[in-house]
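*Asks:* I'd like to ask some things about the structure below.
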Amino acid sequence: MPRPKREHPDTEFVASLLDRFGAFAPVSARAMFGGFGLYVDGAMFALVDDGTAYLRADDVNRPAFEALGIEAWRYEAAGKSTRMPYYPPPEEHLDAPDLLREWFEGARAAARRAATARKPRKPKGA
């Protein structure tokens, strides 16, 4: 007998983030690697892991996170810790639309810069 599909523990949190960020632009979520990726303008601007939202950062918006002592998201694989360019916004800003919009726009711009910096893939057979 097939097992019933279990809902991911972050599903409700992701839905609330889609509502919050959706006030600024159309956003979507995709399940990935045990968490979720959040997308705007076709680029991943945030991820959700274990009930925490992390926003995309680069050299332009990373200093705002670092100035508050916020550390990047890390994951463990094969006994190695890897730092990724995603940082949690201050938790109290998640419920303050004007402040959240600033963090959202910074992450959105970082995601756009990352997407345009990627080299295009070569067509198969080329």
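*Asks:* (1) assigned to a helix (DSSP H, G or I); (2) at pLDDT 95 or above; (3) not polar (S, T, N, Q): which one isn't true of ALA115, the others all being true?
*Replies:* Single failed check for ALA115: (2).
*Asks:* Tell me, which strands (runs of 3 or more DSSP E) wholly within segment 1-77 include 3 or more residues that are modelled with pLDDT of 95 or more?
*Replies:* Strands (runs of 3 or more DSSP E) meeting the threshold: 27-32, 35-40, 43-49, 52-56.
*Asks:* Which of the residues that make up segment 38-62 are of a type in the set (D, E, K, R) and free of Cβ contacts under 8 Å to residues at least 60 places away in the same chain?
*Replies:* ASP49, ASP50, ARG56, ASP58, ASP59, ARG62 - these are the residues of segment 38-62 that are of a type in the set (D, E, K, R) and free of Cβ contacts under 8 Å to residues at least 60 places away in the same chain.
*Asks:* Turning to a different aspect of this structure: Which condition number in (1) buried (at least 18 other Cβ atoms within 10 Å of the Cβ); (2) under 25 Å from ARG118 (Cα atoms) is the one that ASP10 fails?
*Replies:* Condition not satisfied by ASP10: (2).
The values are calculated or read from the model by the stated rules, or taken from the named source; none is laboratory data. This is a predicted model, so every value here is computed, not measured. Cβ atoms come from the backbone with ideal geometry, glycine included; neighbour counts cover every protein chain shown.
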